[in-house]
Structures are given as structure tokens and as C-alpha cells.
Amino acid sequence: MKLKTTLQIFLLTLCGIMSAQAQIVFADYSDPDVCEGTEGDYWLTASSFQCTPGLPILHSTDLVHWELVNYAVERLLPVEHYNTVQHGCGVWAPSIRRHGDTYYIYWGDPDYGVFMVKTDNPRGRWSEPVLVMEGKGVIDTCPLWDEDGRCYLVNGWANSRCGFNSVLTVRELSADGIRVIGKPVLVYDGQVEGNHTIEGPKFYKKDGYYYILAPAGGVEHGWQVALRSKNVYGPYESKVVFNQDGIHQGGWVADKFVCFQERGAYGRILHLLDVKMKNGFPMMKKTLSPDPSPVKGEGSHAVGSSKTNTPKGSPLALYGRGVGGEGLLYQWHANYQDAFGFPTPNGVRVYGHNVSAQFKNMWEVPNLYLKKFDGETFADTLHLTITAKADGQQSGFIIMGRDYCRLSVELQNGQFLLKRITCRDADNGGEETEQVLVQVKARKYGAGAKTNYDCHISFGIHCEKGAVCHLSYSLDGQHYTSLPEPFQAREGKWIGAKYGLFSIAPHGSSRGWVDINFNS
């Protein structure tokens, strides 16, 4: 579970659609938490659910400009379970904390328990996950090391797994934070005071008080609650400290609060609030947005550039890094497995996934290679080489969510057909509909016992406000044909819409593949 190098790359742009408060990252970084680093800088992680690599690591020196520099976990446990796509499961609401010179990330997997990874260098290797506590329904975990060295863990509960929610519990961990030594104590019942659906707690201690900051009321229309007590196990008094715009959970650091707002197909975008202590509670307020400016990483150029100092042929392309650094933005839709594909001198190859005999739609496919929408509006171009060995093999470009659209290049009778294929309610078994766009000439060459067919094709995406996506294709990399009908992107399960590559093959057949060239 170890990532071997550190890279920096541009990530996103600052956008100002709500000019009264700071939107610091317009991309899907759900359930953010932050901590201060050893050099006065800041580190952020967020929920990654079933996608891998997981636990993105973002770095900032001012809490406004962020860059994606690493991931903390390569594969989720148990490995076999997450080798198949488990939409909306996996990493829920992690917390990142520094204790001494060591950084810790805890998260609750609602089906398996509480996991932890740690490191002395957030840009470098993180330890393999430790199962701190086995259990079902435990989510949104956050540790607190007290002045006496004792360690406590606060968490919420998932009604979908254990049959109740809206309560927070605290238990003691061993001083090294790797095992439970105490029983859970119910410290707050949000239903009693009208703070239903309280979740996402973050644990702090300030001026002799224990504070728990947690959102209540649900993701879209909730509010921020602060709890405080002189005793770690309570009783806690509560106060609503912010109630605007559906601002949800986040982390408190340096008199600021980094949090998220649900934005449909865009996922959960990051905001920054000011925090000021008043009558013993951390009251939050909006802060003026900075002027929009690009977020860059080491060696990057303008927003949208993929030019960085990433070494060519880096094997880490498969874990989210790629030639030219572009691959840092990509994740697989399940645990990476060797058969998914490999890095190439110019990018990444994704091999076809043999779909089930009962295939209806792409919701079952684990090796989708996708990245987040990186702004309210954006444009991108993907340069692909499609290779097939047998009729019915398909590869191409996809915008993935509960609804999806894919531009599929399918081999039929020695030629490729480019199709626009859409699916509504894929998560509920919706069926695909297709439209043939054009026939694409295939290059034929001998490859041992079988003949290979390939073609070069480029796909363009231009996203307008409201996540309306205009698509185009080019057979020569220069002249593009626009599709007349735009696609309305839709979120996935707990994640925003994503786009990238796919390759599938009929059940039981041989597999084709798709190569993406990051250097074009």
C-alpha cells in the first residue's frame, strides 16, 4: 500500500459563483479534514469511497491555494471485496491529524470498521492500513491526543448499517492509536435538541475545553454544530455556529474552517470560513473570496496543462500518476489489479474488462480510469489509440455517474463503429441506448495467431455551467466534429461525475485495449 515518489501538479481553479464566501477548490473533495504541518503549512485529505488510489493528500501554505501531491492508500481492505466495484463504500469521512512529528489518517468503513494509516512525510510513503477496530456502522472517525498522552476517538453512526444514527460516541484508544481499549460512551444525541442526522465529528481541545464540531440536518440543507465540555465524555453543551448555504462538515485550523458544499454533478466542493471564538464557542462566518487564480503544482504551467517534472514511464501512473503528471488526477473505480492495465512510455494502457453474461450497463465495470470535473466550466481533450482483436470489443471515452454517456469505438467486421451510448439510472439497472455516429477505418496488422485492428481517435469535452457537457471527436487530431446533443452529467453514489477511459469485452471473449497519450 505504498506510493514511492512525490509529485506536485496543478489541480483546480478558484471559482466565485458565491462571491460572498471563499470557494477554494471547485472539485469533488468530500468530507475534508485539515491539520497544521510541522513547518506551519497545511495538509488536507477527503473521502475517496471505492476509488483508488484513495485518501488524496493536498498541501497548502495559506489554506486557500491547494495542490494535490499524493495519495495515502493504494488498495482498500479487504482486498478481494474491493477488487469489484463497490459504489459509495470504502473510505468515509477521514480525519488527518499530526501527533508529534507523525501524521495520522483515520477513516470509518461502514461495513468493516475503523482503519488508520500514518507517515512522517505526507508527500512520501504511508503505512499499510491498520484495522483499529472491527465493526459495522462506525463512520466519520476522528482521534484526539490529550495532554496526558491518552488518545480518544469520536465517531458517528450509519443508520444503513446499524439501524440508528444522529448520535456521537467517544471511546479510548491505546496511546499509539492502533487499538481500542475503552468502551464507547454516547456523548451526544442530536435528536434531543433538534440536531438530527448529526455526523462527521471532528475532535479538538482548546483552553481546557473539549470541542466536537459536527454538521447536522443532512448534507444539502444542514448546519454546523459545536459541542463543548470540560470532560472528554461530557456532558456536552451545544450551539449552532453556522447555518447558511448547506455548508457541511470540515476541519478547523488556524481560525479557519475548511468545509464542503454539495453541488450535484460537480460533487462536493471546498469552501473556507472564518472562525472567531465568542462566549466560548467557535462561531463561523463567511469570508470574502480571493480573486480567482489557478492552483499550480511544482513544474506545472497554466491550468489545463499536463506538463510537470514527472519522469516518463513512471510505474505510478497506475496509481493516479502518469507521464507528464496528468495521471495524478486519475483514479480507478475499484482496487487496482495488474490486469487492469499498465503505464506506457507516453501514458497508460487500459485493458478490456470482460463484462458479465447479464451485462446491462457500466455500473459493474471496476477498471474505469477516471478523473474529477475540475471546475464549474472546463475543457479537456483525450488522445486515444483503440485496439481490438474480436468483434464486440469496445473502448473509448466516458462521463460516468448515475446517468452516463460514453463514446464507444466498437470493432465490427474489420471496421470500427463510433457510437454514442447513454444510460439513465445506471445504479438501478437502467439499460443503454445507442446511436451510431460514424464508421472509422481500422488499421489491420498481424499479431501472431490473431489479427489486431487499431485506430487513433481524440475526444473533446467542454463543460458549461450546470454540468452540461458538449462532446466532440477527431479522427486526425486536428479537425473535430461536435455532437449536436449535449449530455447532462449526473453525480455517482456519494461522488461527483467523473470522466476518462473505458475498455470492455463481451463475456468470455478475448480483450482489446485503449492507450491514452498524455504527451499529445
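Here, each number is a calculation from the coordinates, and none is a lab measurement. Being a predicted model, the structure only gives us computed values, none of them experimental. Cβ placement follows ideal geometry from the backbone for every residue including glycine, while neighbour counts extend to all protein chains displayed.
Figures for the structure shown
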| quantity | calculated |
| --- | --- |
| Kirkwood estimate for segment 99-148, i.e. one over the average of 1/r between Cα atoms, Å | 11.7 Å |
| Shape of segment 354-444, Cα gyration tensor, a/c cut at 1.5 | oblate |
| Protection proxy ranking, peptides 203-211, 71-79, average beta carbon neighbours within 10 Å, highest first | 71-79, 203-211 |
| The chain: relative contact order in percent, alpha carbon pairs under 8 Å with at least 6 residues between | 15 percent |
| Cα gyration tensor shape of segment 22-286, rounded if a/c is under 1.5, else prolate or oblate by comparing a/b with b/c | rounded |
| Distant-in-sequence amide H partners of Val187 (H built 1.01 Å from N, under 5 Å) | Leu168, Thr169, Val170 |
| Listed residues Ala265, Gly124, Cys162: farthest to the positive end of the dipole of segment 22-286 (Cβ charges) | Cys162 |
| Extreme residue, positive dipole direction of the chain, given options Ile421, Leu368, Asn519 (C-beta unit charges) | Asn519 |
| Along each principal axis, Cα extent of the chain, largest first, Å | 75, 45, 41 |
| Pairs from Lys256/Lys372; Lys202/Lys372; Lys465/Lys498 whose Cα-Cα separation, in the structure shown, is over 20 Å | Lys256/Lys372; Lys202/Lys372 |
| Candidate lysines - alpha carbon under 22 Å from Lys441, same-chain residues fewer than 8 apart omitted | Lys389, Lys419, Lys450 |
| Charge dipole (debye, nearest 20) of the chain; +1 at Cβ of Lys and Arg, -1 at Cβ of Asp and Glu | 620 debye |
| Proximal aspartates and glutamates relative to Lys286, as straight alpha-carbon distance under 12 Å, when same-chain residues fewer than 8 apart are discounted | Asp245, Asp274 |
| Segment 191-263: C-alpha gyration tensor shape, a/c 1.5 cut-off, then a/b vs b/c | oblate |
| Cα centre as origin, Lys/Arg/Asp/Glu Cβ charges: segment 22-286 dipole, Debye | 440 debye |
| Antiparallel bridges, percent of DSSP beta bridges restricted to segment 337-517 (to nearest 5) | 95 percent |
| Burial ordering of Lys441, Lys202, fewest other beta-carbon atoms within 10 Å first | Lys441, Lys202 |
| Amide H contacts of Tyr71 (H built 1.01 Å from N, under 5 Å, at least 5 apart or other chain) | Ile57 |
| Segment 493-519 residues near the modelled Ala339 label - backbone nitrogen below 15 Å, point 7 Å along Cα→Cβ | 503-513 |
| Over segment 337-517: Kirkwood hydrodynamic radius from C-alpha pairwise inverse distances, Å | 16.4 Å |
| For segment 337-517, size of Cβ-based charge dipole, Lys and Arg +1, Asp and Glu -1, in debye | 360 debye |
| Cut-off 12 Å, label 7 Å out along Cα→Cβ of Gln488, residues of segment 454-481 by amide N | 466-469 |
| Long-range amide H partners of His353 with built H, under 5 Å | Ser503, Ile504, Ala505 |
| Cα lying deepest toward the dipole's positive end in the chain, options Tyr336, Gly246, Cys89, charges on Cβ | Tyr336 |
| Segment 337-517: relative contact order in percent, alpha carbon pairs under 8 Å with at least 6 residues between | 35 percent |
